């Protein structure tokens, strides 16, 4: 695959979000070793992020740890697994389409929708922040999944995720 090539949905693994509990094979609260075992491979890189956050970087996703437990997962827009909520695809989509879905979801389920300081939709009750990632001349959704309901997403999400991609 080239630098900006985007996997088709039929080429991606399929993961399901169980809000605030699991995303695909990962459950919030796992240890670093449990995440590696669940994914079946060693990460491309691991590091200590800012403010004591541990980071496991895979090409298709990034796992973040605080106090040695998984608390945030970011899915790569270009090659990451397709994550669904109620059958709706969240990864590698046009951001406005996912935001439109979020607005409808909020209305149907009477849950809270907030926005980050960068104008990213945040479905508080799902632990979902819809970020964007560059894919050549366009941007596609790079969702972040959180292990708990958070009102102050700006300070909860690892600082590395607020930097632009590309």
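The values are calculated or read from the model by the stated rules, or taken from the named source; none is laboratory data. Note that the structure is predicted; figures quoted are calculated from it, not measured. Methodologically, a virtual Cβ is constructed for each residue, glycine included, from the backbone with ideal geometry; neighbour enumeration extends over all protein chains shown.
Brief remarks on what is shown
- Residue in segment 38-49 that is touching a strand residue (DSSP E or B) at 6+ places or on another chain (Cβ under 7 Å), without any contact (Cβ under 8 Å) to a residue 40 or more places away in the chain and closer than 25 Å to residue 152 by Cβ present: yes
- Scoring residue 34 on the criteria (1) at pLDDT 95 or above; (2) under 18 Å from the mean Cα position of the chain (by Cα) leaves a single failure, condition (2).
For every residue, the table says whether it meets (1) touching a strand residue (DSSP E or B) at 6+ places or on another chain (Cβ under 8 Å); (2) touching a residue at least 12 places away in the same chain (Cβ under 8 Å); (3) in a strand (DSSP E or B).
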{"position": "55", "(1), (2), (3)": "yes, yes, yes"}
{"position": "70", "(1), (2), (3)": "yes, yes, yes"}
{"position": "78", "(1), (2), (3)": "yes, yes, no"}
{"position": "83", "(1), (2), (3)": "yes, yes, yes"}
{"position": "92", "(1), (2), (3)": "yes, yes, no"}
{"position": "96", "(1), (2), (3)": "no, no, no"}
{"position": "104", "(1), (2), (3)": "no, no, no"}
{"position": "111", "(1), (2), (3)": "yes, yes, no"}
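- Residues being assigned to a loop (DSSP other than H, G, I, E, B), under 27 Å from residue 10 (Cα atoms) and either in contact with a helix residue (DSSP H, G or I) (Cβ under 7 Å, 6 or more places away or on another chain) or modelled with pLDDT under 95 (or both) - total across segment 59-68: 1
- Of the residues making up segment 136-160, those that are touching a strand residue (DSSP E or B) at 6+ places or on another chain (Cβ under 9 Å), farther than 12 Å from residue 120 by Cβ and in a helix (DSSP H, G or I) are 156, 159, 160.
- Residue among 112, 104 that alone is in contact with a helix residue (DSSP H, G or I) (Cβ under 7 Å, 6 or more places away or on another chain) and surrounded by fewer than 18 Cβ atoms within 10 Å (Cβ to Cβ): 112
- Among all residues of segment 18-26, there is none that is surrounded by 12 or more Cβ atoms within 10 Å (Cβ to Cβ), without any contact (Cβ under 8 Å) to a residue 60 or more places away in the chain and in a helix (DSSP H, G or I).
- Among the residues of segment 131-166, those that are without any contact (Cβ under 8 Å) to a residue 60 or more places away in the chain and in contact with a helix residue (DSSP H, G or I) (Cβ under 6 Å, 6 or more places away or on another chain) comprise 132, 150.
- Check on residue 118, touching a helix residue (DSSP H, G or I) at 6+ places or on another chain (Cβ under 8 Å), closer than 26 Å to residue 3 by Cβ and not in a strand (DSSP E or B): yes
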